[in-house]
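Every number here is computed from the coordinates shown, using simple stated rules; none is lab data. Being a predicted model, the structure only gives us computed values, none of them experimental. Every residue, glycine as well, gets a Cβ built from its backbone with ideal geometry; the counts of neighbours run over all protein chains shown.
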């Protein structure tokens with residue numbers, strides 16, 4: 001079985017990023033987690049990757065055991081952290097894999113620093129024009145929120161933030177069971193570890209705001225004008241999207257694939273929710289090992 005070490009590194013911007021490292025062969029892969037998560041969510045994937053892969057799984061700024069000295073303005077700040085991270089570790093060329101929010105960060109990174117990336121894997125990634133926050137009006141209609149202040153005051157976000165501040169494990173267990181593990185539950189011991197790690201997050205509202213404003217399309221998403229970066233990504237892109245994902249739809253994944261172009265391939269996993277690491281474990285391993 002692979003040995004996984006928990007390490008940390010100080011960045012030039014003053015942040016300290018924690019990461020999990022598993023030494024292997026000449027192929028390098030960097031794993032980027034999603035919202036309410038950390039590198040610990042990749043441990044089962046890391047254990048099953050062939051020894052030819054050297055694996056780095058980072059805790060982004062404000063997640064897991066990493067610092068949050070300076071609040072982010074956009075998700076692009078987190079992509080900048082990744083650039084500093086790979087520079088400190090002298091990682092010049094690698095596969096990059098991003099899940100959910102980590103997919104958006106990885107898209108920013110690949111667009112900005114394409115020479116570093118061999119292949120980009122997007123796992124249940126945020127869509128090309130973001131993942132939006134809404135409020136339900138008195139008339140029962142959804143209204144797009146357009147500022148961090150509005151997101152902060154929206155009742156469901158307030159409940160999430162309050163439960164996070166109170167380290168309410170029971171509340172977050174219900175959230176994960178309903179929204180993420182709607183198809184398959186991980187082993188209980190793993191689930192317990194995941195919940196404790198979720199509750200370490202320091203930047204929840206900043207992340208929701210970043211996802212709301214994320215837009216690499218060629219159109220206005222109601223919050224920001226698209227940067228058209230999706231179409232400028234030329235590396236091979238392998239996307240894995242669950243057909244039963246309650247947060248990101250197959251339609252959104254198809255739009256992202258089309259926006260990137262012919263270098264992107266979409267794999268739709270059946271009976272898979274928002275955590276392909278659990279629901280489509282073998283599909284993920286096979287894609288990392290065999291897709292080109």
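Figures for the structure shown
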quantity	calculated
Rounded FRET efficiency, nearest 0.05, which uses the C-beta distance separating residue 228 from residue 250 and R0 of 25 Å	0.60
Virtual spin-label span in nm between residue 91 and residue 286, 7 Å along Cα→Cβ	2.6 nm
Helical contribution to [θ] at 222 nm, DSSP H n ≥ 4, -39,500 (n - 2.57), averaged over the chain, rounded to 500	-10000 deg cm²/dmol
Distance histogram for the range 143-215 (every C-alpha pair counted, 10 angstrom bins, percent rounded to whole numbers)	18, 45, 31, 6
Estimated inter-spin distance, residue 219 and residue 169, nm [label 7 Å along Cα→Cβ]	4.5 nm
In nm, spacing of pseudo-spin labels at residue 270 and residue 9 (7 Å Cα→C-beta vector)	4.2 nm
Fluctuation leader among 213, 170, 126 - the chain, Gaussian network, Cα springs under 10 angstrom	170
Three-way shape label, the range 186-292, alpha-carbon gyration tensor, a/c 1.5	oblate
Spatial separation of Cα centroids for the range 74-106 and the range 277-292, in angstrom	20 Å
Rg/Rg_ref, the range 12-154, where Rg_ref = 2.2 N^0.38 Å and atoms are Cα	1.14
Rule-of-thumb Rg ratio for the range 179-236 [Cα; 2.2 N^0.38 Å; N residues]	1.66
Global size of the chain as Cα Rg and Dmax, reported in angstrom	17.7, 58
Peptides ranked, highest mean first, by Cβ atoms within 10 Å: ranges 245-256, 176-187	245-256, 176-187
Residue 188/residue 48 FRET efficiency (R0 22 Å; Cβ-Cβ; nearest 0.05)	0.65
Overall form of the range 117-271 per C-alpha gyration tensor (a/c, 1.5; a/b vs b/c)	oblate
Förster-model FRET efficiency, 22 Å R0, residue 115 and residue 23, C-beta, rounded to 0.05	0.35
Peptides 57-63, 20-26 ordered by average Cβ neighbours within 10 Å, highest first	57-63, 20-26
